[in-house]
Amino acid sequence: MALGASLICTAACAPTSPMDKAIELTRNHQEDDAIKLLRADLDKHPEDLKARRLLIRVLAETGDLAEAKLEIDDLSRRMPADDPTPNIELGHAYELAHKFEEALAAYDEAAKIAPNSPAGPHEGGMRAAHWGEAEAAEPRLAEAVRRGQKDAETFHALGLVRVHTGDLDGAEEAYRAGLASDPEAIENWLGLATVAVVRGDGALALTAYDALLAKRPNYAAASLGRAWALGKLGRKNDAKKELDHALELGAPKKNVDRQRVALDAE
């Protein structure tokens, strides 16, 4: 019994690391305490790069960009010259300070420093996409893919910015690559459906919405889209049945009624 209690205490009473404590402090909006804790830990363990990166983020979060830059310089001295991490951290620091042009320049510098790594262009592209800057995001995300970034999320982001720039063929290519990377990534099926609707391509839309509904049978928006695709293909009776189903799933009645009117007008 005593051994069992000892084992439980070993698991539950294990000392919390300075990193964990600092993260908890930031969650409780005690950033000054987190900074003190991380600096004390780095005095003892200056090569703890994870702790230094966290310190950079917390300093930037508090608006102390000057101190964050000093820590980035220290981080850079402790890493290989071709490692993009310090510049990526600089980009994050600029973002937290709402200096978005400087952030993008830092990510671009990371891309130059490590020309074979997708990290710099990927970070810049994803952040630009998040800011709604499709034209800035597209070449960076395309470069990240060229360098080997092959995850479904990146392909989805690339497809989305291409839709916004009017490159529907490129968007379809990106979404299909995303599905090849991860067939379960439904956001890429949704992307293909979007491309199909913009083109007025009922066949592609039906394929995409069928795939979405196979994975999420109660997805009302996909059922509504499927009804549109069926109507586009001239299958009016099937489309009306699908509209009934979409309504049952919770699709807004005004949207269902609008599609019914459009079907009857054709």
Can you tell me the dipole magnitude for segment 182-236 around its Cα centre, using point charges on the Cβ only (Lys, Arg +1; Asp, Glu -1), in Debye to the nearest 20? 360
Per residue, how large is the accessible surface of the chain? Use a 1.4 angstrom probe and give square angstrom. 54
Which residue fluctuates the most in the chain, going by a Gaussian network model with Cα springs under 10 Å, if the choices are Leu37, Leu55, Leu190? Leu37
7 Å from Cα along Cα→Cβ at both Ala180 and Asn255: what's the point-to-point distance in nm? 3.2
Cβ charges +1 (Lys, Arg) and -1 (Asp, Glu), total dipole of segment 116-241, debye: 640
Give the residue list of trypsin sites (Lys or Arg not before Pro) in segment 136-204 that are DSSP loop and have at most 15 other beta-carbon atoms within 10 angstrom. Lys150
Suppose only helical runs count, i.e. DSSP H with n ≥ 4. What mean residue ellipticity at 222 nm does that imply for the chain under -39500 (n - 2.57) per run, divided by all residues and rounded to the nearest 500 deg cm²/dmol? -24500 deg cm²/dmol
Which of Leu204, Leu160, Leu104 fluctuates most in a GNM of the chain (C-alpha springs under 10 Å)? That residue is Leu204
Placing +1 on each Lys and Arg Cβ and -1 on each Asp and Glu Cβ in the chain, then taking the dipole about the Cα centre, the residue among Ala66, Pro139, Asn237 whose Cα reaches farthest towards the positive end is Asn237
Keeping the other protein chains in place, figure out the carbon and sulfur percent of the accessible area of the chain, with a 1.4 Å probe. 53
Between Thr26, Ile88, Val197, whose Cα lies farthest towards the positive end of the dipole of the chain when Lys and Arg beta carbons carry +1 and Asp and Glu beta carbons carry -1, centred on the Cα centre? Val197
Test of understanding: in a Gaussian network model of the chain with alpha carbons linked when under 10 Å, which of Asn255, Asn188, Asn116 would top the mean-square fluctuation ranking? Asn255
For segment 103-187, which chymotrypsin sites (Phe, Trp or Tyr not before Pro) are in a loop by DSSP, counting at most 14 other Cβ atoms within 10 Å? Trp131
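The values are calculated or read from the model by the stated rules, or taken from the named source; none is laboratory data. What you see is a predicted model; the values in this text were computed from it and never measured. Note that we place each Cβ from the backbone using ideal geometry, even for glycine, and neighbour counts take in every protein chain shown. Surface accessibility is based on the protein's heavy atoms, side chains included, excluding ligands, DNA and RNA. Shrake-Rupley method; radii C 1.70, N 1.55, O 1.52, S 1.80 Å.
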